[in-house]
Structures are given as structure tokens and as C-alpha cells.
Amino acid sequence: MCGLTGIFDTRGRQEIDRVTLQRMTDTLAHRGPDGRGEHVGPGIGLGHRRLAIIDVGGGHQPLYNEDGQVAVVFNGEIYNFQELVTELESAGHVFRTHSDTEVIVHAWEQWGPASVKRFRGMFAFALWDERSETLFIARDHLGKKPLYYSLLNGGTLIFGSELKSLTAHPSLPRDLDVLAIEDYFAYGYIPEPRSIYRTVRKLPPAHSLLWRRGDEQPTIEAYWDLSFHEPRVTDLEEAKSELITRLTDATRMRLVSEVPLGAFLSGGVDSSAIVAMMAGLSDEPVKTFSISFGDREYDESAYARRMAERYHTDHHAREVNPDDFELLDRLASIYDEPFGDSSAMPTYRVCALAREKVTVALSGDGGDELFAGYRRYALHRQTERVRRMIQSSVRQPLFGFLGRVYPKADWAPRCFRAKTTFQELALDTCDGYFQAVSVLNDGLRARLFSPAFRRDLQGYNAVEVLRGHMQRAQTDDIVLQSQYLDLKTWLPGGILVKVDRASMANSLETRAPLLDYQLAEWAAGLAPDLKLKGGEGKLVLKRAVEPYVDHDLLYRPKRGFSMPLARWFRGPLLPRLQAMAEGPVLADTAIFDMTIVRELVEQHASGRWDHSAALWLLLMFEAFLRHATNTPAAPIAQESALS
């Protein structure tokens, strides 16, 4: 795993400022502590920081073709590189290293932009071809590795693995993107292609950017997409057998490493399945890692321990204080833009634990998205069935009225919390799913934002992100639509960002066998009932791994990697919230109605309302602003006000 960055004069051959390139490169030192390298030529500069995994001695970057005219900087792993080497050598290419990186330059020579379709792995890379004066940038199929870029005034393109490498360039404008702010407070993250800065974009997953010097604009295009058009696998027994074969193959490919390797083990379905596959493929005990919480409400370590005992893994567990919010102020520097998933903190902790023993860790990421594991899929399907039974002329006014008058009852048992269901039934399919995945609903965002900021939005609503993807989903099945939307938004923008930044902040490479793109293609072809039947998600995955994972671990209620935010905000973090509501950082942006911000803090502190989701998003947005302006935050109370 590595970090890359670069500067490209799209119009001419202006000399590259080496000091700026070095500064941009060194912001990524945490992604690559094992070495650095640069390529500088007329109008082009590439920077690289290396975390050595494969061909530790010979895979230094930038890496070149035989005559030095093609250079590449690369972040990730190409798991099928050995078979590509065989094919390219038979075509006459000469390899000087045993690194998967070298495959990229020879594949470019052989197949050009189509080469990216042959790579099976996780990657973001930038390739410079001096002969045609062409820059080619690409990102992997499902978005495991990040890539940011920006076109500066004067025609200079800058790019990098993390936003911090771009903000190290003195000419980057820092104007905030108002649409990205709306997206953040709706989703809790900023979906591709936007970033928090108006002039910076993320290259979407499965996309490439090609820019020949002198062209007015680059060619940005998708080279792959998942198709849910026609389910091809309908038999459960056939699907179970095929899934184990494919998962074993995807796991085996990800065990290639010249440095110590292990796995995260939470005790959930996905990580347990991966550890079981690894144990069957390894002659040595698998190194596994988990964290536990002193608070039993948030602790699942016993399940992880049982899996570790079953497979005799070399298990490492560490208890984390449930009031572990020391990372709060570090999150802004790790993520560079507002990121509202509080599970980033325990994710960071388990990555730090793993890095003490290994350099590579396999994870179970992707299981919920590929096999319909989220509870919201079943709920959304139920509401869609009702939605399709009642004409919109009746449904919208009826359920719209009920949604307005029914009391909000966060304190009540779930069966009495019908307000959200009524509101969703009044909406169309896309708006209904948007409400299901939104952290803050339209009404709360409208109250939270100032009138001036709402005018700046010019009618834009974050639902447009989902609406654009839904038009490309190529299926009317509600479960498959939901999966497609999550694979385009929540997975790359939330889950994978969280894991990439948390792991790379600890110089740890993570690999996700379930997100092998060929496995994902096969999973997309499963009939919906093989994934979600009744209220049970991940049906085929659970049935397939029953011989490998204890039954009660597979079928216990799903629990997330959550943190006790509501309690924090009534105890040790309440002074921080009050300082935020009364201080200048949020107020000076003119984005928020500060009266509403103070109201949310006061209502939550009273214990009668739970505004923890909104308050966490505000706190993380303020932390981003403080980091961007180098403004210190008030200290956090060391002892809780609650018993």
C-alpha cells in the first residue's frame, strides 16, 4: 500500500516546482514509510511514498518501462499480476522486477487505456507516457483506493491519494462546495465525485482519466459497472457451492505477501467467513485482531474469541475504554474533510493493534452490500410493496398527513416509532430510500441551515446523488436497486474511506476478498431471494459458511461497530458541544442557524431528545474547519458528568 501524488502542466512544459512536489509527496508519508521517489520531467512531476509488500527489495517507485519513457506511481495491489506477466512476456515485454507495479507499464504499452480492465485488485495509479505526452489515471472497480484531483488556474492538474496532498499545493483554492455540505449533512460523508472543496474532485470507482497535453479537457469515463439486470443464479445449493469456491479463490489471491499478514476478526458473519477461508489455506496459525469494550452493550469480543479458538488463530485482543474519544480531534487530520461515521475511532484502534504484528490485514468489508445484509433492505422492500399497492394520489396525501401529525418517539419501543415509516410511504421509491439512509432528514437539514445557505443551494437536495445512480441501476427489483445505490455511494464514500484512512494512518494495508470484482459480478447475478428472504439478509452467504462458522454466530442479531454518542454528549463531551454552539467557528461560516444548533444541544442535554447523530455531524464539521484553519479546540472533560 502506498501514496501517490503529481503535478501536470496540461498546456505546456512548464518546469515543475520540486519543493512543492516534495511537500505534496511527504504529506503521504504515513501511507508509505518504507521509501519515497519522484519523477520530474518537462511539465510533469510524479511523487510516491512506499509501503513495501511485494518485491520488497526491487519494487521502488516511480517504476519505468524498458526505455524509461513510461513511468507509473501506484497505490494498491494487482492480485493477478503473475498471470499478466506471463502473457506480456510472451508478447515480448521484458520485466526487470518481481513487482506487481511493473505490470501496469507493460500493460499500458500493450493494451493502452483498456489495460485497466485486465487488473484484478485494488488500485489507484497515475501513469505518464512521455512519447505521447499522455497522463492516465485510474481507480479500481469498487473504489477501495482513493484518488483526488483538481485543475488549477493556468491549466495545472494536481492529484493525489489523499486530499492533504492537494492542499499542500499553495495555489489550490479552499472555497467550500455548498453542495458537498448538503451531501455531508444528509449522508454523513461526501459521495463521489464531490469533495469538501469546490475545485477538488474524486475520481469515481471504475473510472479513468486520460489527458493528452494540449487537449482542452480530459477524457473521463467508466470502464466497468455492476449489472443487476437479469439474475442468473436461482438455485440455493448451486449458489452455496459456487460462493465457497469463489470466496476461497479471492482469499487465496490476497494471501500473497512478503511481509506479515493477518485478519480483522469481529465475530460477525463476514470477518468470520474470511478467517475460516484463511485458516483452510494456511499452514501457520492465522494472526487475528479484535478490540473489545468494557461496556457490554457495545462489546462483541466473545464471538471473536470463539472463532479464534475454533481455528486456533494467533489472536490478539485489546480492550478499549467505551469513553475512548481521544481520537476526536485527530479524525479531522486523518480524513481531511468532514466524515461523520463515529466507528472510525474503533476502526483506527483495531488497525493500530494489527500494525503491531502485521503489515497486511484481510477484512470482511463488502458482505452487507453484496449480499443484502443491511436491515434497511427488508424495511425498504416492505414499504415499497405498500407503495405499489396504493395509488400515489391517495398514498401521498394520506401518509404525508400521518407523517406530519404522528409524534416523533425516539424514546419509545420500535413498534411505536411509525413516524418515519409514514413519511417514507408518502414518497416515491428513490426519495423513500434516501430517507432510509439519511443521517439527517430534509426537515432537520432545512432547520439547521441558515436562510442564506439555503439560497446558495439553489434548490439542490442530496437525494439527487441517489437519483442519478438509480437511473443507471437497470433493474426494477427494489432489493437490487438498493444494493446498486449502496455500492455506488455508501460503500466507496463511507465504508471504504473509513477503512482506508484508518488503516493507512497506521501504515497498514487492508485487503477485502469479498470485494473482488469478479466475485461482485457473480453476486450481482444472484436472485434477490438468495440474498434477502423474509427479513433475513445475506441468506446465501450464511448458508454457505454454516460448515465453517458456529450457527449462533451466523444467525444472531446484527450489531454495528458503534460508539455511545448519546451518553458522551450528555457527559464528557457536553462542554465541547456547548463551546461549539456558542463559539465562532460554526457561526462565522454563515452556514448554520446557530439558534437551532444551540437548541439541539440543549434538548439533547435534557435527556428528552436524542440528537446525537446531528450533533456528531456538527462536531466533525467543526473539527474539519478547525483543522483547515489550524484553530485549536477546547479541551475535552476527563470525567463524565454521568455516573
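The values are calculated or read from the model by the stated rules, or taken from the named source; none is laboratory data. Please read all numbers here as calculations on a predicted model, not as lab measurements. No Cβ is skipped: glycine too gets one built from the backbone with ideal geometry, and neighbour counts run over all protein chains shown. Note: areas computed on protein heavy atoms with side chains; ligands, DNA, RNA excluded. Shrake-Rupley method; radii C 1.70, N 1.55, O 1.52, S 1.80 Å.
For the reader, a short list of remarks on this structure follows.
- Across the range 442-500, the number of residues qualifying as of a type in the set (Gly, Ala, Ser) and closer than 20 Å to residue 224 by Cβ comes to 3.
- So residue 600, is it part of a helix (DSSP H, G or I), of a type in the set (A, V, I, L, M) and either within 19 Å of residue 448 (Cα to Cα) or open to solvent by 30 Å² or more (accessible area, probe 1.4 Å) (or both): yes
- For beta carbons closer than 8 Å, sequence separation of 6+ or different chains, a first residue in the range 194-216 that is buried (at least 17 other Cβ atoms within 10 Å of the Cβ) and a second that is assigned to a loop (DSSP other than H, G, I, E, B) and of a type in the set (Phe, Trp, Tyr), the qualifying pairs are 206/223; 206/224; 207/223; 208/223.
- The range 352-366, residues that are crowded, with 24+ Cβ neighbours inside 10 Å and part of a helix (DSSP H, G or I): 354
- Output for the range 227-275, where each listed residue is more than 27 Å from the chain's Cα centre (by Cα), assigned to a helix (DSSP H, G or I) and hydrophobic (A, V, I, L, M, F, W, C): 236, 239
- Whether a residue is within 22 Å of residue 336 (Cα to Cα) and either aromatic (Phe, Trp, Tyr) or buried (at least 18 other Cβ atoms within 10 Å of the Cβ) (or both) was assessed, and residue 510 passes this test.
- The residues of the range 576-597 that are part of a helix (DSSP H, G or I) and either touching a residue at least 60 places away in the same chain (Cβ under 8 Å) or over 17 Å from residue 628 (Cα atoms) (or both), listed by number, are 576, 577, 578, 579, 581, 582, 594, 595, 596, 597.
- Scanning the range 551-571 for residues being assigned to a loop (DSSP other than H, G, I, E, B), surrounded by 15 or more Cβ atoms within 10 Å (Cβ to Cβ) and under 29 Å from the mean Cα position of the chain (by Cα) gives a total of 4.
- Condition check for residue 6: more than 29 Å from residue 352 (Cα to Cα) and either crowded, with 24+ Cβ neighbours inside 10 Å or not hydrophobic (A, V, I, L, M, F, W, C) (or both): no
- Of the residues making up the range 86-102, those that are touching a residue at least 40 places away in the same chain (Cβ under 8 Å), of a type in the set (Val, Ile, Thr) and assigned to a loop (DSSP other than H, G, I, E, B) number 1.
- Filter result (within 19 Å of residue 194 (Cβ to Cβ) and either open to solvent by 20 Å² or more (accessible area, probe 1.4 Å) or in a helix (DSSP H, G or I) (or both)) within the range 145-162: 149, 151
- Every pair of residues 6+ apart whose Cβ atoms lie under 8 Å, when the first sits in the range 224-252 and is within 25 Å of residue 116 (Cβ to Cβ) while the second is acidic (Asp, Glu) and open to solvent by 60 Å² or more (accessible area, probe 1.4 Å): 226/521; 227/521
- Selection status of residue 232, surrounded by fewer than 23 Cβ atoms within 10 Å (Cβ to Cβ) and at pLDDT below 95: yes
- From the list 56, 19, the lone residue that is open to solvent by 30 Å² or more (accessible area, probe 1.4 Å) and either closer than 18 Å to residue 125 by Cα or at pLDDT below 95 (or both) is 56.
- Taken over the range 163-198, the criterion of being within 12 Å of residue 150 (Cβ to Cβ), of a type in the set (A, V, I, L, M, F, W, C) and assigned to a helix (DSSP H, G or I) is satisfied by 163, 166.
- Output for the range 178-192, where each listed residue is charged (D, E, K, R) and open to solvent by 10 Å² or more (accessible area, probe 1.4 Å): 192
- Test: residue in the range 449-467 that is part of a helix (DSSP H, G or I), surrounded by 19 or more Cβ atoms within 10 Å (Cβ to Cβ) and of a type in the set (Lys, Arg): no
- Answer residue from the range 63-81, given it is open to solvent by less than 20 Å² (accessible area, probe 1.4 Å) and in a loop (DSSP other than H, G, I, E, B) and is farthest from residue 92 (Cα to Cα) among those: 80
- Residue 150 being touching a residue at least 24 places away in the same chain (Cβ under 8 Å) and either small (Gly, Ala, Ser) or under 20 Å from residue 38 (Cβ atoms) (or both): yes
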